[in-house]
Each structure stands twice: as structure tokens, then as C-alpha cells.
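Beneath this line is the structure, given in C-alpha cells, with notes to follow.
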Amino acid sequence: MQSVHSELPSHQAAVTSSSMTNKIDHSQLCQWLKSIAVDRDKQAFTGVFKFFAPKIQRIAQSKLNNEALAAEVLQDTMSNVWRKAHLFDDSKGAATTWVYTIMRNVTFDLLRKMKANKEDNLSDDIWPLAEALNTEDDSFSDHIQSRNLLGVIETLPENQQQVVKGFYFMEMSQEQLAVHLNLPLGTIKSRLRLALGKLKLKLGEHHD
Amino acid sequence: MIKHHPTFSMLQNFVDGDLPASLAAGVAMHAGMCPMCQQKIIQLTEQVAEANFEESSDLDLFTNDADMKTAELDFDDIIGEITASDDVEPMKAASIERSVSFKGTQYVLPNVLRNMSLGKTAQIGKLSRARILLDEGEIHTNLLHIGAGGSIPEHTHKGFELTLLLAGTFADEQGEYVPGDFIMLDKRHQHQPATELGCLCYTVANDALHFTQGINKLLNPIGSFIY
Ligand SMILES: [Zn+2]
């Protein structure tokens, strides 16, 4: 790949000399994503946001050549990070790769919406996020993992199990669960959050 | 064994998100059947991501302080707005298979195609075609089924034609093709695929096919049919 800096020799020197501080702190990024997943940690999200946002804004701006659209890419990408952090698995790739995939997919769907006037959001089928990608390749290890997951879920208190199973295995929305279980939506949300936190911790232990 | 793969630059465009949906889907389906290209895509994606998100002093070079400040303010707003939401993405349940049937044979479609809208199947002789409705202007995408013993007469293209073999086999003067083969032809090429037992292809073309041999010119309506 050609270096962007090749035409700027003096600038290149500056970049090289500070290259140590320019290294991406991958473990910090992973840590933040985990905190978002487990604790819905806004501080951690702010860390992730401040790292990625200026770069996403710049990349989207140069690709779309439109400030409003670049802002939309930024907003969509980062909301996906917030909503999907629990799906990030650092054993399957770097945080940068994961966020890049989300950004590229959001941009692709947006461009398609404009050019072909189609809101079919095909990007996640074309470029599945790492977590989904492996279901076809590693069906064996995935099978073991989902058995493992089920085992861990069964250690949860009964009322949390109900919510988790409904949400993940039956793909019911939180609203549907509230109706189904005849509970306030807030209760569903807090049970799910509690359960998620415990699951993350327990599954984390298994990995280590 | 798969012998025909996307070029390296096509894989790069794929990773960058710069291919039209039709071709991107073709590359994705090939990668689903070809561990070698899958691996290349994974590596390329890592590299591109790393390069995109590297700290770079370009930012300081081209952005003055005033810009940075307004950006910072916006950022806090956006962070607040995003984190105010309680939504959590549900984990994907096992995907639901989608299948199509041509001439009595049922085919399970690759996941890449599961949400695309399909047009009605049209038939001429041993050829059946279902359009994939991607609305990409001159680029037309089809599922093309060639029944047992069928062939496509020798033809050329003004533009490009991608044929991704999804199931079955076919052969042309270059040899035999197997599922996963990614065959990209342009106007320099001619070919005449024929299948003994029938096959299903995913095709993308940006112009009608042109039949080249004497009497086959009469078949040019088939060229438009396939396109
Ligand atoms: Zn390949």
C-alpha cells in the first residue's frame, strides 16, 4: 500500500519520530467495549467515541463528500457500537476491525439508499459482523459455545432466565416480553441488564 | 476444487465497500465457499481498519483549533443522545434458510441472498431466470438455472459478466467449473457454457450478451433474456 506521506518528506520524519505514541492501544479499546457491554458504561463509551469519531468523520467526509451524510455515518456507526458492544468478541478480531466493519456497512447502506433508492440494508448479509460470520465456519466449536452459554444461562435466577431466553432464543422484543410475562417494561429491562452483566462475567471466566 | 477467484483488487474494493451490491454479494458468496479468499479478506479488513484508525498527525495539520472546538461540542451532544438509549441488539438466532426451486429442483440460497427480493421466474427452453431486484441501473443480477443437457450458445459481452456457480457443474472450452468458481468475463472473452446435469448460477452483467456464431445470432433475444 502506498504511503500517504510519501510526498511530504519533512512531515514523514515527524510522523516516524512520534510513531510510538501513534500506536493504537488495542487492549484499552477492548476494555472499553467490554465495560459498555457489561455495565452500559458511558465513560467507556466516551473513550471509544473520542478515539473513533474524528477518524470516522474524516473518512466518511472524504468518501461521501457531504457533511450531513458524514455526520449520519458517525451517528449510526457509534449507536451500533453502543447497541452491539456485547456482540464484540476480542478473540475473533481487533476492536478496530469490528468498528471498521460497522462503519463500512453503515456507509454502504446509506450510499445504496441514495443511489438505488433502496432501504434494503444488505450490508450485514454481505459483510456479517465477526460474531455472525463464524456460525457457518466453526459450527462445531459454536455448538459447544452455545451449549456452554445455555449452561451458564441456567445458573441465573429463574426470572432472569425467562427474560434472557425470550430475548435471545425466541427473539422477542423487550416490549413483547413485558406483555408476555405481564411485567412492567422497566422490570424487563433491568432483569435483562442484570442477566447480561452476569453472563458476561461468567463467560469471561470460562475463556480465561 | 475452485479454480477461479476474484482478483486481488476486487477483494480490496470489496473490503473498502466500493463495489455495487451485486458484485459485493458475488464476492461474499465466493468467500463463503473459498477459505483462501475468506482468509485474504479477513487480513485485508484488519489492515484497512488499522490504517484507517491509526492516530495520524494529518488531523492537526489540516484542522485548525476553531474547527476542533465545534466538533468537540457536537461530540458531547451525540454521545449523550446515543447513550440515552436502552436498546440492546439481540443475538442472532440461527438464520432461516431460504430456498428457490427451478424445474423441480430445490436449492438453498446462500445467506447473502436471503433478504434480496426476487422477481418471477421466466423460462426459455432449458434456461430459467429469476431477476434479483437490486435496482442498480444497467447492472442486472439474476439467478440463472440451466437444465440438464442445456447450454448457452457462444457469446461475447460489451460490458462485463460475472458468473458465480452456486450448484451443479458446467464446462466451457476452458474446462470444468465447480460451485464457488467466480468467473469474470469482459468483452475480450467468448464462451459457451454447457451443463450435463444442470446447474444454478448467480450472474451479474452490465450489458446484454451478444451471440457470435452464424445461426446463433438468431438467438440474440436469449442474450437479453439472460441479461
Ligand atoms: Zn477464492
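The values are calculated or read from the model by the stated rules, or taken from the named source; none is laboratory data. No experiment lies behind these values; they were computed from the predicted model shown. Cβ placement follows ideal geometry from the backbone for every residue including glycine, while neighbour counts extend to all protein chains displayed. Just the protein is used for accessible areas: all its heavy atoms, side chains included, with ligands, DNA and RNA removed. Shrake-Rupley method; radii C 1.70, N 1.55, O 1.52, S 1.80 Å.
Criterion applied to A:Glu7, A:Glu67 was being modelled with pLDDT under 95, closer than 21 Å to B:Asp76 by Cα and either among the small types (Gly, Ala, Ser) or surrounded by fewer than 16 Cβ atoms within 10 Å (Cβ to Cβ) (or both), and the one residue passing it is A:Glu67.
Residues are listed down the side, and each one gets a yes or a no for (1) buried (at least 17 other Cβ atoms within 10 Å of the Cβ); (2) at the interface with another protein chain (Cβ under 9 Å from one of its Cβ atoms); (3) under 20 Å from the mean Cα position of the chain (by Cα); (4) at pLDDT 85 or above:
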| residue | (1), (2), (3), (4) |
| --- | --- |
| A:Met114 | no, no, no, yes |
| A:Ala132 | no, yes, yes, no |
| A:Phe140 | no, no, no, no |
| A:His143 | no, no, no, no |
| A:Gly151 | no, no, no, no |
| A:Gln162 | yes, no, no, no |
| A:Phe167 | yes, yes, yes, no |
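Determine the pairs where a residue that is closer than 10 Å to B:Asp86 by Cβ, located within segment A:179-198, has a partner that is open to solvent by 50 Å² or more (accessible area, probe 1.4 Å) with Cβ atoms under 8 Å apart, the partner being 6 or more residues away or on another chain. Short answer, once both residue conditions are applied: A:Leu185/A:Glu175; A:Lys189/B:Asp86. Looking across segment B:1-35, the residues that are within 11 Å of the ligand (Cβ to nearest atom) and of a type outside the set (A, V, I, L, M) come down to B:Lys3, B:His4, B:His5, B:Pro6, B:Thr7, B:Phe8, B:His30, B:Gly32, B:Cys34, B:Pro35.
Beta carbons closer than 8 Å, at least 6 apart along the sequence or on distinct chains, pair a first residue in segment B:101-114 that is assigned to a strand (DSSP E or B) with a second that is open to solvent by 40 Å² or more (accessible area, probe 1.4 Å) for B:Phe102/B:Thr121; B:Gln106/B:Ser99; B:Tyr107/B:Ser99; B:Tyr107/B:Ser101; B:Val108/B:Glu97; B:Val108/B:Arg98; B:Val108/B:Ser99. One residue alone among B:Ser85, B:Ser57, B:Ser95 is at pLDDT below 95, of a type in the set (Ser, Thr, Tyr) and loosely packed, with under 12 Cβ neighbours inside 10 Å, and that residue is B:Ser85. No other residue among A:Val73, A:Val81, A:Val106 is crowded, with 17+ Cβ neighbours inside 10 Å, at negative phi and more than 10 Å from chain B (Cβ to nearest Cβ) apart from A:Val73.
What strands (runs of 3 or more DSSP E), lying completely within segment B:123-189, carry at least 3 residues that are within 17 Å of B:Met1 (Cα to Cα) and within 16 Å of the ligand (Cβ to nearest atom)? Per the criteria, B:161-168. Among the criteria (1) within 14 Å of the ligand (Cβ to nearest atom); (2) at positive phi, the one B:Gln38 does not fulfil is (2). Among the residues making up segment B:108-123, those that are open to solvent by 70 Å² or more (accessible area, probe 1.4 Å) and farther than 24 Å from A:Trp127 by Cα are B:Lys120, B:Thr121, B:Gln123.
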